[in-house]
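The values are calculated or read from the model by the stated rules, or taken from the named source; none is laboratory data. Computed from a predicted structure; not experimentally measured. Every residue, glycine among them, receives a Cβ derived from its backbone with ideal geometry; neighbour counts consider all protein chains shown. The area values use the complete protein model at the heavy-atom level, side chains included, leaving out ligands, DNA and RNA. Shrake-Rupley method; radii C 1.70, N 1.55, O 1.52, S 1.80 Å.
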Amino acid sequence: MRSIIVVLQLCLCLLAVETSFAAVSHVIHISIDGLRGDLLESYINSSPQDFPNFKRFVDEGATTFNGRTDYSNTETLPNHTSMLTGRPVEQPDGVPNTTHHGYLDNGSLSPTSTLHNSGNPNLSYISSTFDIVHDNGLSTALYASKDKFAIYAQSYTASTGAPDTTGADNGRDKIDIHLITPNFISMHNSFLSDMATVGINYSFLHYLLPDGVGHSAGWDSESWNNSVKTMDTYMGDMFDLIETNASLIDDTIIVLTADHGGTGTGHGTATDPANYTIPVLVWGAGVAPGADLYSLNPLSRLDPGANRPSYTASAQPIRNGDTGNLALHLLGLGPVAGSTINANQDLVVASDFEADFDANQSVDSHDLTIWQAGYSIAGGAKVNIGDANSDGNVDGSDFLVWQRQYGSSLVDTLTPVPEPSSMILMLLGVICFQQQTKRAGIQHWLRI
């Protein structure tokens, strides 16, 4: 009995904290304006050859095409502000009036406008991803293709940014590089050049093309389809940038989402599924390949189907507002001050179990089938499928990991087990899992 108590105490301590992880040094946070999730998914499924780079996100990354915008708003600047601040646009029912960012303007702005003086009047300062990254001594950049994105550059200057109280004083100007131009081709090329040269730690990029075409020709028109193909080639440039640069290839993650979808030639009705359905796509070092983001997050997120859950719903969908704190988490940083969307940074992009080859947070017979498929490829040499110990090979040692973890499930670890012997095994297993979560480039953690 004494040994049981000791094991229980040790495991409770382990479960009370997140496991250590190897954070990446670079996150490219992308918003493709007006990229409607269900249309993108249908395009990839019907003609994958036309969208090879978006298909790479699906095959090699963790994705969902059924993400959600802000609950009350499907406009551009309000949703981008949620991405950067981790705050709802408007005050949800029953929460303090200091929760939301309150920036509702989606048009032109004056040279003195900031989020702080034009957003929620109950807040004197609205912190952002730029604050957290910069105050921790890392580099930041903003590249945007609509002039109104100057609101962010104006909000975080040497005079409008907050004092840096984190470690060394890195100054109040939170954005090291910013380029705002409607010439998205020039913007894109400038980013590629700067990233290759400087190696920016956190970059936020905005591409206007699908939104502009949607407003003129309509969402799901031939022209809109072609605009998405253009964005696909740009994502190919991103992959090339990372894979041809030794300092980026194993140390970079892309987090891609959208501010809204659209139907007809508009997107203003926040209750229309065509407007609030957006993709969230994550690719890069350590991200679970071929994973569904909802399957990876069975305890913290729930696929909403066609529904539109509010911020007070017990089961939250994956939102574009999650992506800011996700980006920070991947860099090894804490959440945006005052944020509430993904403030616990519990949106994960990799499985908790090394032998969970299908990345559904459960180790079962299907994972064995995947291991067998990998083992049969050239003797198991240098393939990714079924490589539980990340040594570049699929062999008997990976089978032993699967055998040891067989029956493990993230949900099951939270279910009371009546038999003491089973509890001991489970808790000892948790300890093993904690010690084994060192896969380079991404964090693994177990939440209760």
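Per-structure values
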{"read-out": "Scan of the range 64-86 for residues that are open to solvent by 10 Å² or more (accessible area, probe 1.4 Å) and not small (G, A, S), ordered by number", "value": "F65, N66, Y71, N73, E75"}
{"read-out": "Condition broken by T63, with the remaining ones in (1) within 19 Å of the chain's Cα centre (by Cα); (2) in a helix (DSSP H, G or I) satisfied", "value": "(2)"}
{"read-out": "Residue in the range 306-318 that is open to solvent by 20 Å² or more (accessible area, probe 1.4 Å), closer than 28 Å to N53 by Cβ and not acidic (D, E) present", "value": "yes"}
{"read-out": "Of residues in the range 39-60 being without any contact (Cβ under 8 Å) to a residue 24 or more places away in the chain and in a helix (DSSP H, G or I), the one surrounded by the fewest Cβ atoms within 10 Å (Cβ to Cβ)", "value": "Q49"}
{"read-out": "Members of the range 120-142 that are in a loop (DSSP other than H, G, I, E, B) and in contact (Cβ under 8 Å) with a residue 40 or more places away in the chain", "value": "L123, I126, S127, S128, N136, L138, S139"}
{"read-out": "Meets criteria (closer than 24 Å to L296 by Cα, part of a loop (DSSP other than H, G, I, E, B) and not basic (K, R)) for L35", "value": "yes"}
{"read-out": "Filtered residue count, the range 314-340, keeping only those that are over 24 Å from L123 (Cβ atoms) and part of a loop (DSSP other than H, G, I, E, B)", "value": "6"}
{"read-out": "Per-region count, the range 287-324, residues without any contact (Cβ under 8 Å) to a residue 24 or more places away in the chain and of a type in the set (K, R)", "value": "0"}
{"read-out": "Selection within the range 43-57 - of a type outside the set (A, V, I, L, M) and in contact with a strand residue (DSSP E or B) (Cβ under 9 Å, 6 or more places away or on another chain)", "value": "F54, R56, F57"}
{"read-out": "Residue list for the range 361-385, restricted to those being at pLDDT below 80 and in a loop (DSSP other than H, G, I, E, B)", "value": "S376, I377, K382, V383, N384, I385"}
{"read-out": "Scan of the range 388-407 for residues that are open to solvent by less than 30 Å² (accessible area, probe 1.4 Å), assigned to a loop (DSSP other than H, G, I, E, B) and at pLDDT 80 or above, ordered by number", "value": "A388, V394"}
{"read-out": "Those helices (runs of 4 or more DSSP H) lying entirely in the range 143-243 with at least 3 residues touching an Asp or Glu at 6+ places or on another chain (Cβ under 9 Å)", "value": "184-198, 209-217, 222-243"}
{"read-out": "Among (1) closer than 30 Å to D259 by Cα; (2) open to solvent by 60 Å² or more (accessible area, probe 1.4 Å); (3) among the polar types (S, T, N, Q); (4) at pLDDT below 85, the one test that T415 misses", "value": "(1)"}
{"read-out": "Residues of the range 148-173 satisfying the condition of being open to solvent by 50 Å² or more (accessible area, probe 1.4 Å) and among the small types (G, A, S)", "value": "A158, S159, G167, A168"}
{"read-out": "Test: residue in the range 103-115 that is open to solvent by 10 Å² or more (accessible area, probe 1.4 Å), in contact (Cβ under 8 Å) with a residue 60 or more places away in the chain and small (G, A, S)", "value": "no"}
{"read-out": "Selection from the range 276-313 of residues that are closer than 22 Å to V27 by Cβ, in a loop (DSSP other than H, G, I, E, B) and not polar (S, T, N, Q)", "value": "A285, G286, V287, A288, P289, G290, R301"}
{"read-out": "Close pairs (8 angstrom Cβ cut-off, 6 or more residues apart or separate chains): open to solvent by 50 Å² or more (accessible area, probe 1.4 Å) in the range 174-189, in a loop (DSSP other than H, G, I, E, B) anywhere", "value": "D176/S139; D176/I200; P182/S145; P182/K146; P182/L208; N183/S145"}
{"read-out": "The range 244-259 - residue that is of a type outside the set (A, V, I, L, M) and touching a residue at least 40 places away in the same chain (Cβ under 8 Å) and, of those, surrounded by the fewest Cβ atoms within 10 Å (Cβ to Cβ)", "value": "S247"}
{"read-out": "Selection status of D220, closer than 29 Å to Q49 by Cβ, surrounded by 16 or more Cβ atoms within 10 Å (Cβ to Cβ) and of a type in the set (D, E, K, R)", "value": "yes"}
{"read-out": "Identity of the residue in the range 190-216, open to solvent by 40 Å² or more (accessible area, probe 1.4 Å) and of a type in the set (V, I, T), that ends up nearest to the chain's Cα centre (by Cα)", "value": "V198"}
